[in-house]
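Scroll down for the structure; my scribbles are underneath it.
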Amino acid sequence: MTIDTLAAAAAGTWKLGDLEINRIGFGAMRLPQTGEALVADAVPRDRSRAISVLRRAVELGVNHIDTAAFYFSPLRSANELINRALAPYPDDLVITTKVGPGRDASGEWLPHATPRQLRGQVEENLRQLGRDHLDVVNLRIVGTDSIAERFGALAELRDAGLIRHLGLSNVHPHHLAEAQAIAPVVCVQNMYGLGVRPEYDEFVRTCGEQGVAFVPFYSIAGPGRTAGAGNAERDEVLAVARAHGVSAAQIRLAWTLHQGPHVLAIPGTGDPDHLDANVAAGALRLSDDDLAVLNSLHQDGGVGAVR
């Protein structure tokens, strides 16, 4: 990639409600630690390096950062790093956070928050980020039970001015309709990627038809999840990557963005070189032949990057 294409704007833009963002964003989960993320004994990442990655992302035009108060290692908090690196925040920067899960001070996971506890989680994100309101808050859930009471609690905080827009994370299609009956939903953030959960293809399309952003997580890591990619890659993906002179990870990101103008990307890294490569993937244009090969691979199901 040339320097001309190394800019987040190359992938185009989308609006989260009234907030326009570049479709290539940045996920902060990996900032506080090295190795596998979200584990109690995670190894803290060098603070200055993490701060430099965040500042570099903004230099490249990234104006959508995904974070959460539960993204932390024994010494590092993603929200604290974002605050330290970027405050006072650029006017066009949109910070999306998640509530629902929680971790205690030792890093062990807690039961998901009750509707009453969600306000405390929102206020903790406000405090850590140094904001008087949150741009977007996603309710992250586990399971198929009703979300009405919990989403309703967040809708009340939106009415109170603590939250600008609401979204959902790790949900099933019926949850979107349930939430929309309570308050507008600007984004759905679910695990999805090349060969990962092809059964969600229709849900991705439904979100687009309704003007809701679909924001895949683990779009590079796939089955590796919080441990990262680090797996042997499929021959078909490698062949397309060679044809474009890029990495397999960049092809996976490019395929994700080709799923619709409403599909965003939030790849995360603590490595400056990986950051540059991720942003550059937004300029990749896959041919019809490329997409035919990759779509066939995707429809096979369960064939994300393999071990």
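The values are calculated or read from the model by the stated rules, or taken from the named source; none is laboratory data. This one's a predicted model, so the numbers in the text were calculated from it and none came from an experiment. Positions of Cβ are generated from backbone atoms using ideal geometry, with glycine treated the same way; all protein chains shown enter the neighbour counts.
Any residue at all in segment 271-283 that's crowded, with 24+ Cβ neighbours inside 10 Å and in a loop (DSSP other than H, G, I, E, B)?
So far as segment 271-283 goes, no, none of its residues is crowded, with 24+ Cβ neighbours inside 10 Å and in a loop (DSSP other than H, G, I, E, B).
Quick check on this structure: which one of ALA177, ALA105, ALA153 is exposed (fewer than 15 other Cβ atoms within 10 Å of the Cβ), at pLDDT 95 or above and of a type in the set (A, V, I, L, M)?
Testing whether each residue is exposed (fewer than 15 other Cβ atoms within 10 Å of the Cβ), at pLDDT 95 or above and of a type in the set (A, V, I, L, M) leaves just ALA177.
Residues to consider are THR67, THR34, THR13; find the one that is closer than 19 Å to LEU126 by Cβ and not small (Gly, Ala, Ser).
Going through THR67, THR34, THR13 in turn, just one is closer than 19 Å to LEU126 by Cβ and not small (Gly, Ala, Ser): THR67.
Taking ALA280 as the residue in question, decide whether it is under 20 Å from the mean Cα position of the chain (by Cα) and modelled with pLDDT of 95 or more.
Yes.
Could you grab me the full set of residues in segment 14-65 that are in a strand (DSSP E or B), of a type in the set (D, E, K, R) and in contact with a strand residue (DSSP E or B) (Cβ under 6 Å, 6 or more places away or on another chain)?
Answer for segment 14-65, where residues must be in a strand (DSSP E or B), of a type in the set (D, E, K, R) and in contact with a strand residue (DSSP E or B) (Cβ under 6 Å, 6 or more places away or on another chain): just GLU20.
On the basis of being of a type in the set (Gly, Ala, Ser) and assigned to a loop (DSSP other than H, G, I, E, B), does ALA68 make the cut?
Considered against the rule, which asks whether it is of a type in the set (Gly, Ala, Ser) and assigned to a loop (DSSP other than H, G, I, E, B), ALA68 comes out as yes.
Mind counting the residues in segment 246-283 that are touching a residue at least 60 places away in the same chain (Cβ under 8 Å) and among the charged types (D, E, K, R)?
2
Quick one: is ARG116 more than 20 Å from the chain's Cα centre (by Cα) and basic (Lys, Arg)?
Here the answer is yes, as ARG116 does meet what is asked.
Condition check ((1) closer than 27 Å to PHE214 by Cα; (2) of a type in the set (D, E, K, R)) across all residues:
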| site | (1), (2) |
| --- | --- |
| LYS15 | yes, yes |
| GLY27 | yes, no |
| THR34 | no, no |
| VAL39 | yes, no |
| ASP91 | yes, yes |
| PRO101 | yes, no |
| THR114 | yes, no |
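Return a yes/no flag: does segment 110-118 have any residue that is touching a Phe, Trp or Tyr at 6+ places or on another chain (Cβ under 7 Å) and part of a strand (DSSP E or B).
No, segment 110-118 has no match at all.
Only residues that are assigned to a loop (DSSP other than H, G, I, E, B), within 16 Å of VAL39 (Cα to Cα), over 15 Å from the mean Cα position of the chain (by Cα) and modelled with pLDDT of 95 or more: list them for segment 71-102, please.
Residue satisfying the conditions is PRO101 alone.
Given the criteria modelled with pLDDT of 95 or more, among the basic types (Lys, Arg), in a loop (DSSP other than H, G, I, E, B) and surrounded by fewer than 22 Cβ atoms within 10 Å (Cβ to Cβ), does ARG131 qualify?
For ARG131, the condition - modelled with pLDDT of 95 or more, among the basic types (Lys, Arg), in a loop (DSSP other than H, G, I, E, B) and surrounded by fewer than 22 Cβ atoms within 10 Å (Cβ to Cβ) - is met.
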